[in-house]
Amino acid sequence: MAQFLFRGLRLPNTTILSKTATCCKCDKYTFKLVLNNRPFVLLLNKKLYSSQSEKIPAETLETKHAHDSVNIFGENKDERRKEKEKAIKNLKIGFFFIGASLMMVLGTGLYVLMDDDYYKRDEDEKDIYPVRLFNRGRLTVGKFFESMRAPSYEKLLPDPLPYPYIQPPYTLIIEMTDLLVHPEWTYATGWRFKKRPNVDRFLEQVSQNYEIVVFTASNGFNVYPILDSLDKNNVIMYRLVKNATDYIDGHHVKNIDRINRDLSKVIMVDWDVNSVKLQRENALVIPKWNGEDGDQQLIQLAEFLNVISASEVNDVRDVLSYYKQFDHPLEVFKENQRKLLEMQEEQKQILGTLPINKARGSWKDKYLYGK
């Protein structure tokens with residue numbers, strides 16, 4: 001206790017302890033010191049330290065130096081000073097970068113607003129200059145957000161292949177997620193994509209008469225590895241991802257006006273109505289696949305598409321407009337097929353084999369439209 005008080009009283013005329021301290025030798029005597037009293041400290045040090053000199057070893061030079069940098073509250077002064085200097089340095093760096101960023105933003109904004117050609121052509125000369133600046137800024141912000149919502153390029157697909165190259169007569173735009181593959185997560189494997197039953201057979205059959213385009217709202221770095229593994233025979237001709245969609249009302253919408261194809265020959269297959277709402281007459285909306293192993297929907301879809309191509313439909317929108325009223329269009333198509341086969345059997349029994357040139361048109365309508 002004497003050593004503790006002696007080191008604490010080295011600074012002259014300073015308050016040393018604000019609370020009562022207990023002696024290290026006995027708990028009965030306490031001391032409350034406010035100012036430096038040199039004679040009292042010497043007397044106290046001599047009396048108490050002599051009684052403990054046999055028990056407490058002499059302090060080394062290194063130990064004294066370490067104690068000198070620690071104040072009576074047990075805090076390292078050197079460490080606190082370094083932390084304070086470091087905090088001040090980081091604060092200065094932060095203010096510098098914030099100021100530089102603001103200057104860059106303001107400079108860029110002024111440069112855009114002062115453009116002489118693009119932003120001034122629709123201005124009213126009668127407006128005062130601050131109003132014209134405000135209108136330029138509003139137009140600039142609007143153009144910026146419009147560019148963020150629009151696709152990255154105007155034409156989503158290149159021009160059709162010229163002769164003598166073979167260009168399929170129809171274009172199939174199909175969603176990948178929950179139609180061709182289904183994402184699953186487990187503790188053992190994490191995220192993985194389950195391949196839908198009959199995918200290979202579907203792609204092989206449809207690729208004979210369709211230009212297959214996978215169009216999804218997922219990011220490209222997720223889509224491309226999956227399609228590389230899924231499309232072993234390279235029958236998928238084009239891949240369109242998130243940056244090819246229009247962002248409308250919180251949804252990524254597939255706008256096939258940019259597809260660079262004749263829309264009378266384009267069929268979109270999806271499970272989300274919001275994704276195809278801009279051209280609903282070109283869309284076939286079917287239920288999503290949730291990972292069932294015994295699924296046969298792709299077989300029905302391939303049959304539906306092959307019938308359209310074999311029938312040489314001039315405008316697929318006539319067929320798709322009929323089926324868009326049903327929640328399960330492929331089931332309706334399957335039922336129409338069954339009715340058509342029954343009708344053919346009845347006609348064969350009554351009239352024999354029908355002339356193909358007379359019955360072909362009615363068969364096609366019955367097979368596709370249910371009429």
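Percent antiparallel among DSSP beta bridges with both residues in segment 170-352, to the nearest 5?
Numbers: 9 of 26 bridges.
Bridges in segment 170-352 that DSSP calls antiparallel: roughly 35 percent.
Give a residue-ordered list of calculated ³J(HN,Hα) values for segment 179-186 (Karplus: 6.51 cos²θ - 1.76 cosθ + 1.60, θ = phi - 60°; whole Hz; x for Gly, Pro).
Result, ordered by residue: 10, 9, 9, 10, x, 9, 9, 9 Hz.
With every protein chain present, what is the per residue accessible area of segment 170-352 (1.4 Å probe, Å²)? Each step should come with its number before you reach the end.
Details: 8850 Å² over 183 residues.
Per residue, segment 170-352 has an accessible area of 48 Å².
Calculate the FRET efficiency for Asp249 and Gln325 from the Cβ-Cβ distance with a Förster distance of 25 Å, rounded to the nearest 0.05. Provide the component values of the computation, followed by the final result.
On the way: r = 24 Å, r/R0 = 0.94.
My answer for the efficiency is 0.60.
Under the Kirkwood approximation applied to all pairs of distinct alpha-carbon atoms, what is the hydrodynamic radius of segment 212-342 in Å? Intermediate values should be presented prior to the final figure.
On the way: mean 1/r = 0.0618 Å⁻¹.
Evaluated over segment 212-342, this radius sits at 16.2 Å.
The values are calculated or read from the model by the stated rules, or taken from the named source; none is laboratory data. Quick caveat, the model's predicted, so the values are computed rather than measured. Note: ideal-geometry Cβ built from the backbone for every residue, glycine included; neighbour counts use all protein chains shown. Side chains included, ligands, DNA and RNA excluded: accessible areas come from the protein's heavy atoms. Shrake-Rupley method; radii C 1.70, N 1.55, O 1.52, S 1.80 Å.
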